[in-house]
Number of protein chains: 2
Amino acid sequence: MNNYADRLLKAIEKKQNPSIVGLDPRLEQIPSFIKEDMIEKHGKTFEAAAESFLVFNKRIIDAVKDIVPAVKPQIAFYEKYLGHGLRVFVETVKYARKKGLVVIEDGKRNDIGSTAQAYSQGHLGKVDMFGEPVSAIDVDCITVNPYLGIDGIKPFIDDVKAHGKGIFVLVKTSNPSAGDFQDLKIGEKPMYEHVAGLVARWNEDTIGTRGYGSVGAVVGATYPQEAVALRKLMPKSIFLVPGYGAQGGDASGVVPNFNPDGFGAVVNSSRGIIFAYQKENYREEDFDKAARDAAQDMKDKINAALKDAGKRAW
Amino acid sequence: MNNYADRLLKAIEKKQNPSIVGLDPRLEQIPSFIKEDMIEKHGKTFEAAAESFLVFNKRIIDAVKDIVPAVKPQIAFYEKYLGHGLRVFVETVKYARKKGLVVIEDGKRNDIGSTAQAYSQGHLGKVDMFGEPVSAIDVDCITVNPYLGIDGIKPFIDDVKAHGKGIFVLVKTSNPSAGDFQDLKIGEKPMYEHVAGLVARWNEDTIGTRGYGSVGAVVGATYPQEAVALRKLMPKSIFLVPGYGAQGGDASGVVPNFNPDGFGAVVNSSRGIIFAYQKENYREEDFDKAARDAAQDMKDKINAALKDAGKRAW
């Protein structure tokens, strides 16, 4: 199926779950038995750090793959471990896709047109391999920053159309200072609504068979009131809703991001799922079981909140 | 010298040159004798592509190192060649710094606080190596996107102060659609002036012995009129001025970005320098000589334009 929105919605329907897991590994929180094993193999090196992430991620993916429709690896946590880190990021992407998960890369990439094209080729499309176009990182979807305007977004949209990929454009982020610029008033309207209007327009050319398009919006779980207005401004865009769990967003707060049909949003939790073993006093060895239980709990809570609000849920 | 602004200005003074070279390798434009050599060694692989960049970059660096104070590698062009690409990016950074050049990474990174910290640790500061803090990519300075507000910028500023590093915040970018959001009016003022006011404030804590600070601004060479106002709003910030050459900015157009003391800006050209051999009909083998000649020409033109405008120049 070569429309990203269709693929994502089908996966949500299959898992009966609009919540997803963020793969944001932090070395200090990786179980020590994994790290000790990798230090023994590679010493205290960038390679050992990166390989620890890969072992960790594979067990998390195996533990949640029948519960969630998608995972969202955050590339910042990988590239800090240099070439090995990026290699392991790519291996994580491949592993998750092989296991039937949609992969949404959190990269917040942005640049002027010709450079945005280089990012898009590397992350979504094809790169030049001595004259042959070949896939590189090859995620299903990537987050992008709109500050440079349409010519920094267009190369990504071209690859969305050419390769059945998706993007989520930052509209209203989940962090406390999101409003520093995003809330500034342009005439009567806040900046983020202005961005939302453009996202809705960019999305029009990408609508799949289920009525949703592949140009979506990032709308933080921490701003439920703003989500009401944004849902109306972008009726056919899927929202990526970060900030559930560790950042303070709760299940009832994410409801406004959904349409009455129960679709239209995916809600992400990262630390709250993958490092649940630390909070809930599981044994280190059971970190994947803890993640599975936390993912199931998030699914149940969000579906219950949707049902309570009279929206379709499973 | 542990203040980035001091280091950069000293380098500018030593080379008598405020112009810099962007290292944005594109495989299709790398001389074929380099590519053939690498294909022979590694096949048509990501490794061969990345290694071609490294050979190319080292010769460019050697050719311009006594002319320019700094180089600006654009990470988009490297990460598209996966782990090998990022490894070669890091090797390029190391090589340039060893040759006495300041390295300004064009990465336009941005995220919420805890993730921005991961980017900053990887690119500017120290990463956790099993309990020990170690340097990773370790550039002198990185470009950052302000759309997420102060808590996405603060982790970078913390590393600027702790490790003598710098950032350039996107204010008014060089691309045609820069104005889509950056020019929107907040009350009487365009958005980019609002960002400029915050950059000036963030810069205050980082002022070095020469009166300039390490929190600078990206101001495109393609918008000379806007630069006049921005120079006044951020008197102690250094401007990174992209868009000279291939993007259409010329020497007289960049003059407003400089203070009367002849400092306050670095002007970048990428394609116009590193691929000068294609435009000027040099032999492929002389691509580095072509780059050297183009770098010297840019230096001469910008210094002449500064002198014409009554600003200090060499």
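Just check chain A against the gyration tensor rule for me: Cα atoms, a ≥ b ≥ c as the square roots of the eigenvalues, rounded for a/c under 1.5, and otherwise prolate or oblate depending on whether a/b exceeds b/c.
Because a/c hits 1.5 or more and a/b fails to exceed b/c, chain A counts as oblate.
Looking only at segment B:277-298, which residues have a backbone nitrogen under 11 Å from a spot 7 Å from the Cα of B:Ala304 in the C-beta direction?
B:297-298
Among A:Phe77, A:Phe263, which comes first, second and so on when ranked by fewest other beta-carbon atoms within 10 Å?
A:Phe263, A:Phe77
When all C-alpha to C-alpha distances in segment A:65-127 are sorted into bins of 5 Å, what percent of pairs does each bin hold, rounded to whole numbers?
4, 16, 22, 25, 20, 9, 3, 1
When B:Glu226, B:Glu284 are ordered from fewest to most other Cβ atoms inside 10 Å of their Cβ, what list results?
B:Glu284, B:Glu226
Given R₀ = 56 Å, what would the calculated FRET efficiency be for B:Arg210 paired with A:Glu13, taking r from the Cβ atoms and rounding to 0.05?
Working from the Cβ atoms, E equals 0.35.
Say R0 is 51 Å: what FRET efficiency, to the nearest 0.05, do A:Gln29 and B:Val228 get from their beta-carbon distance?
0.55
Have a look at the DSSP beta bridges in the protein assembly as shown and tell me what percent are antiparallel, nearest 5.
20 percent
Using a Gaussian network model on chain A with a 10 Å cutoff between Cα atoms, which of A:Leu233, A:Leu148, A:Leu101 fluctuates the most?
Maximum fluctuation in the GNM of chain A, among the listed residues, is at A:Leu148.
If amide H atoms are built 1.01 Å from N in the plane of the peptide, which residues on other chains or at least 5 residues away come under 5 Å of the amide H of A:Met129?
Those lying under 5 Å, H to H, from A:Met129 are A:Val134.
Copy-to-copy spacing for B:Lys185, label 7 Å out on the Cα-to-C-beta vector, in nm, shortest first?
1.4
May I ask you to sort B:Thr92, B:Thr173, B:Thr143 by Cβ crowding, counting other Cβ atoms within 10 Å and putting the fewest first?
B:Thr92, B:Thr143, B:Thr173
Under the convention of a label 7 Å out along Cα→Cβ, give the distances in nm from A:His163 to the same position in every other copy, shortest first.
3.0
If a paramagnetic tag sat 7 Å from the Cα of B:His42 along the Cα-Cβ line, which residues of segment B:83-99 would have the backbone N under 18 Å from that point?
Counting backbone N atoms under 18 Å from the label point, the list is B:83-96.
Roughly what percent of Cα-Cα pairs across the protein assembly as shown reach past 44 Å?
Above the 44 Å cut-off, the protein assembly as shown has 17 percent of its Cα pairs.
Ratio of segment B:115-220's C-alpha Rg to 2.2 N^0.38 Å, to two decimals?
1.16
Defining the label point at 7 Å along Cα→Cβ, can you sort the distances from B:Val228 to the same site in each other copy, shortest first, in nm?
4.7
Of all DSSP beta bridges in chain A, what percent run antiparallel (nearest 5)?
Around 20 percent antiparallel, to the nearest 5.
Work the Kirkwood hydrodynamic radius out for segment A:80-169: mean of 1/r over every pair of different alpha-carbon atoms, inverted, in Å.
13.3 Å
Throughout, read-outs are computed from the coordinates displayed, never taken from laboratory work. This is a predicted model, so every value here is computed, not measured. Ideal geometry is used to build each Cβ from the backbone, glycine not excepted, and the neighbour counts take in all protein chains shown.
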